[in-house]
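S.K.: Have a look at the structure that comes next, please.
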Amino acid sequence: MLRMTGISKAFGSTRALIEVDLDVRPGEVHALVGENGAGKSTLMKVLSGALQADAGRMRLEGKAYAPRGPLDARAAGVAMIYQELSLAPDLSVEENVLLGVEPTAFGFVRRHHMRRQVEEALRLLHHGDIRPGARVGDLSIGAQQLVEVARALAAKARVVVMDEPTSSLSQADTEVLFEVIRTLRDSGVSVIYISHFLEEVRAVADRFTVLRDGRAVGTGVVASTPTAEIIHLMVGRELAEMYHRTPHEIGEPVLDLSSLTGRKIPRNADLVLCRGEVLGIAGLIGSGRTELARAVFGLDEVVSGRVRVDGVSTTGWKPPRMLKRGVGYLSEDRKTEGLAENLTVLDNLTLSRLKPYVSFGLLSRSRAREAAGRWIRRLGIRTLGPDQPITGLSGGNQQKVALARLLHQEADVLLLDEPTRGIDVGSKADIYTLIGELAANNKAILWISSYLPELLGVCDTLAVMHRGCLSEKRPVSEWTPDAIMHVATGGDTVGSEAAAPAQPEPAAPAAGHAPQGNAIDGRDPSADEEAGP
Amino acid sequence: MTRGPSPDLIPPDLVQSSKTTVHRRAMNVLGPMLGLILVVFVGGVAEGVREGSLNYWSPQNQCLILTQTVTVALGAIGMTLVIISAGIDLSAGSLIALTAVASAWVVREFAPSDDATLSGQAAVWIPLLAVLVGIAVGTLAGATNGLLITRLKLAPFIITLGMMSFARGATEGIANMQRIDAPLNWIADFTAANLRVFHLNLHTAFPLPLLGQVRIDWVGPVAISAAVLVTGLLAVAAGVLLGRMRLGRHIFAIGSNEATARLCGIAVERTKCIVYALAGATFGLAGVTDFGRLSVGDPSTAMGKELDIIAAVVIGGGSLNGGSGSLFGSLIGALLVAHLRNLCVHLGLPTYVQKMVVGAVIIVAVAVNHLRERQKD
């Protein structure tokens, strides 16, 4: 279907792509994996015409293919579905699906034509339940993603590229999307699937190609390749090192929630977090995990219940006071909330605690820069220096800056909301190590994540949220992915006796890959070497 | 873990009905409408209490307000397009003045004699030419805004701020810092309330509970101007453009998510240019009505009118972030502002109170809109 041969692309002296070959067959789901910066997006930009390759050729359905821009690519049958949804929220589903290619007569939109075409596309996706007239902004993220796919279908795409499509989807929405991908595949469309999540690749892809440092380092059939081997190709590093634990002891309680209730969610959350403890909160997106952290931190209103830090009631305190008390919050939304996008690394790092660098009301930039430099080294942040704009850093390194800010403001209780979302494997490993070290330094860590393997691999204890209710926390060894999903999807009354105990049966293939087992059993804190790349 | 989309795994909101959509649309229109009704009701009662009369409610006065709203309403039609596309046009007031003076200039220069009125064939074609020139000048200035915004890739706020000052200066230049006196012509008739709907003579007084004795002097013809009708027709046409035509939907798409619009092959730059040119055209027409109302080309007219116009659109549900707004809402917004001003006159309040009241109402209206949006989330 699509064959890219010898694609090279350089930006100045950086060689982003070096003679990459990619061969996608008709009606297959081809996973493109690799760390951030491996060249996946550059390759896809070449495919979509957003960038022109320096060398190499592309053939689409046997014909030479050289798009001059995204429109050209779309006309040739190559559709991109981006990580950040590219929909107009104020328009209806049908208008979004046919945006730019509306059927018209004398400049008037032919609504009934439009509706028929869109209903057809949605039916093909087995989602006739989405109303074409609904405003896209009113739909869930999952349904919005389906609208994007429908747009690709309506454009008669032969090759659909999905770039991290599940990064903002809940587990259930992801399953729906996978089913849609299979439907696409069965109708002869080729799907190029880019993801950081190897279990997703395993669940949905037929073949894979691994990119590392701008080169295609391996390709093969997913079913016959062990996950460990794929990871090895991606990072050139052994799997067991991913979830690396620093020995730490759980100390006395520091954060105590009693029947904490927000405006809608959370509902009656009880929780005790101790020093030196890494406590994971699992649950579906929208189950109230973020709202719980925000309520604790004073960002959202607490309707009833109590928050205590070190025995002092902090209920209803605003964030500045919580910060002083040693509680820090890392937002799940790095882009709009976590970081100030047009400021430098230095500014972002020191934003919440400038006091040490101020004398007589004036800020000493050199002293702040020095301190920032120390944090950059301490966390292994890859940056040109403290004065580099934050946007110049990769997602993983941006996240490390956000984490460094929490540490810089000397937080003892860290509320981390999806700290590893959308960042590359190497940075993830760094963050896991860092979290272990923080726990060893007696910090208390509340870690919200949708990625079960990392929760099971890194946390000491774990609780699950479902529709605003928080289950009892239990040692992580008592949980399995099945048990977590059971509670998260409301299979049982949350907190009841039946919910948690580990089920004897092995983990389902989608979620169960090697590291969990390793991490759960391998609690012995061996291998002390740095896991970063 | 369940594999595949077993029905219980599909989150309920995925199967979303379009109920909220319908509800939102209805509320966007009903909200400002209710606001207007509230103002009219409370205003009438206030007049009754304060002045012992109910003349604010008279059909004559209501029609007068309609006629007074024309300039702002015309401007709001164009501004609605601009704001939906996530833009802003601060030059509206200056362009109204520029086109008013330009039309006055045309009438004066082409008038065959120094008579106070035009006569013969000239009485038809000279004003017509003035109207066309006014609209053309507005369109050109608007297109210039659009070109500068898209070519220089600068914020509409900056470009139109520049145009606001530039156009005002040009206006004063053309007028030589003076009013341009032009012979009387049909443009004045066009904007005068001389289309009689019916005649009403109601002269009475009666006691009301709480209010006491209340006077009613509803005397004289109930009439509107032709400009009101033209404004209404233009609003309907623009509504069809926005709601039913490809261009209109593209304007919404651009305001809602410009990157997406570009990705989907919409000619974003061209569409924006068209939007600002159309807006300029409506400001041109508004300028012509301003000239008609004053019968002279006053270079200092419509000072700050852009704020009234923007206020009308925003009260009517337009969002400065783009992607939302409706023509009907904007017209209601324009009426609301006009009602407030008229009401203050009827209540005998000084102009400074007028200004404060209008300012407060803008904030309240937008805050209510915002609250409604937030409640939905």
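S.K.: What residues qualify as long-range amide H neighbours of A:THR315, i.e. H under 5 Å apart, gap of 5 or more or another chain, H built at 1.01 Å from N?
M.R.: The answer is A:VAL307.
S.K.: Then there's this: With r defined as the distance between the Cβ atoms of A:LEU384 and A:ALA50 and R0 fixed at 25 Å, what FRET efficiency is calculated, to the nearest 0.05?
M.R.: 0.50
S.K.: Across chain A, how many lysine pairs, 8 or more apart or on two chains, come within less than 20 Å at their alpha-carbon atoms?
M.R.: The result is 16.
S.K.: Other chains' Cβ within 10 Å of A:126-135 residues: what's the mean?
M.R.: Mean partner shielding for this stretch: 4.
S.K.: Take B:ASP189 and B:ASP114, extend 7 Å from each Cα along the Cα→Cβ direction, and tell me the distance between the two endpoints in nm.
M.R.: Spacing of the two 7 Å Cα→Cβ label points: 2.6 nm.
S.K.: Per-residue mean of other chain beta-carbon atoms within 10 angstrom of the beta-carbon, peptide A:96-108?
M.R.: 5
S.K.: Could you pull out every whole DSSP H run in chain B that spans at least 24 Å of Cα extent along its own axis and averages 1.6 or higher on the Kyte-Doolittle scale?
M.R.: Span-like helices, by this rule, are B:122-152, B:226-244.
S.K.: On to the next question. Return a single number: how many Lys pairs in chain B, at a sequence separation of 8 or more or on separate chains, have alpha-carbon atoms below 25 angstrom apart.
M.R.: The result is 4.
S.K.: Right, next: Let's test the formula: R0 of 51 Å, r as the Cβ-Cβ distance of A:ARG57 and B:MET27. What FRET efficiency results, to the nearest 0.05? It would help to have the intermediate numbers written out before the result.
M.R.: Values: r = 55 Å, r/R0 = 1.08.
Once the sixth-power term is evaluated, E becomes 0.40.
S.K.: Enumerate by residue number the chymotrypsin sites (Phe, Trp or Tyr not before Pro) in the range A:311-369 meeting two conditions: DSSP loop (anything except H, G, I, E, B), and at most 13 other Cβ atoms within 10 Å of the site's Cβ.
M.R.: Counting only loop positions with at most 13 other Cβ atoms within 10 Å, the chymotrypsin sites (Phe, Trp or Tyr not before Pro) in the range A:311-369 are A:PHE360.
S.K.: I'd like the distance separating the alpha-carbon centroids of the range B:145-219 and the range A:247-303, in whole Å.
M.R.: 58 Å
S.K.: Same structure, new question: Which shape class, rounded, prolate or oblate, goes with chain A when its Cα gyration tensor gives a ≥ b ≥ c as root eigenvalues, a/c under 1.5 marks rounded, and past that a/b bigger than b/c marks prolate?
M.R.: Prolate is the answer for chain A, as a/c is 1.5 or above and a/b outweighs b/c.
S.K.: Can you tell me which of A:300-312, A:204-216 comes out highest on packing, and rank the rest after it, using the mean Cβ neighbours within 10 Å?
M.R.: Ranking the peptides A:300-312, A:204-216 by packing returns A:204-216, A:300-312.
S.K.: Go through A:180-189, A:274-283 and give me the packing order, highest mean Cβ count within 10 Å leading. Please report the intermediate quantities before stating the final value.
M.R.: Numbers: A:180-189: 17.2, A:274-283: 24.6.
Result, highest mean Cβ count within 10 Å first: A:274-283, A:180-189.
S.K.: Another one. Starting with the highest mean, order B:221-229, B:118-126 by the number of other Cβ atoms within 10 Å, averaged over the residues of each peptide. Show your work: numbers first, answer last.
M.R.: Details: B:221-229: 20.0, B:118-126: 14.4.
My ranking of the peptides, most packed first, is B:221-229, B:118-126.
S.K.: Measure nothing but the geometry: give the 0 to 90° angle between the long axis through the Cα atoms of A:171-186 and the longest principal axis through the Cα atoms of chain A, rounded to 10°.
M.R.: 20 degrees
S.K.: Right, something else. Residues with beta-carbon under 11 Å from that of B:VAL70, excluding B:VAL70: net charge, scoring Lys, Arg +1 and Asp, Glu -1?
M.R.: Values: positive: B:ARG293; negative: B:ASP290.
Combined, the nearby Lys, Arg, Asp and Glu give 0.
S.K.: Which of the three applies to the range A:338-410, rounded, prolate or oblate, going by the alpha-carbon gyration tensor with a ≥ b ≥ c and a/c under 1.5 meaning rounded?
M.R.: Prolate is the answer for the range A:338-410, as a/c is 1.5 or above and a/b outweighs b/c.
S.K.: What is the extension gain from B:TYR352 to B:ALA46, computed as 0.36 nm multiplied by their sequence separation minus the C-alpha to C-alpha distance, in nm to one decimal? Spell out each step's value before the answer.
M.R.: Numbers: separation 306, 0.36 × 306 = 110.16 nm, distance 1.85 nm.
Net length gain for the segment: 108.3 nm.
S.K.: Additional query: Determine the gain in length on full extension of the stretch A:ALA66-A:ALA10; use 0.36 nm per residue of separation and subtract their C-alpha separation, reporting nm with one decimal.
M.R.: Full extension from A:ALA66 to A:ALA10 adds 18.4 nm.
S.K.: Could you state the angle between the C-alpha long axis of helix A:141-154 and the longest principal axis of the C-alpha atoms of chain A, as a value from 0 to 90 degrees rounded to the nearest 10?
M.R.: Between helix and principal axis, roughly 10 degrees.
S.K.: Relative to the longest principal Cα axis of chain A, at what angle does helix A:111-124 sit, 0 to 90 degrees, rounded to 10?
M.R.: 70 degrees
S.K.: Provide the FRET efficiency to the nearest 0.05 for the A:PHE108-B:LEU229 pair, computing r from the beta carbons and using R0 = 22 Å.
M.R.: After rounding, the FRET efficiency stands at 0.35.
S.K.: Shape verdict for chain B, please, from the Cα gyration tensor: rounded (a/c under 1.5), prolate (a/b greater than b/c) or oblate.
M.R.: Oblate.
S.K.: For the range A:309-353, list residues with backbone N below 17 Å from a point placed 7 Å from the Cα of A:LEU363 toward its Cβ?
M.R.: Under cut-off, by backbone N: A:339-353.
S.K.: Shielding by partners for A:172-179, please: the mean number of other protein chain Cβ atoms within 10 Å of each residue's Cβ.
M.R.: If you average over the peptide's residues, the count of other-chain Cβ atoms is 5.
Every number in this text was worked out from the coordinates using simple rules, so none of it is lab data. Every value quoted in this text rests on a predicted model; they were computed, and no experiment measured them. Note that we place each Cβ from the backbone using ideal geometry, even for glycine, and neighbour counts take in every protein chain shown.
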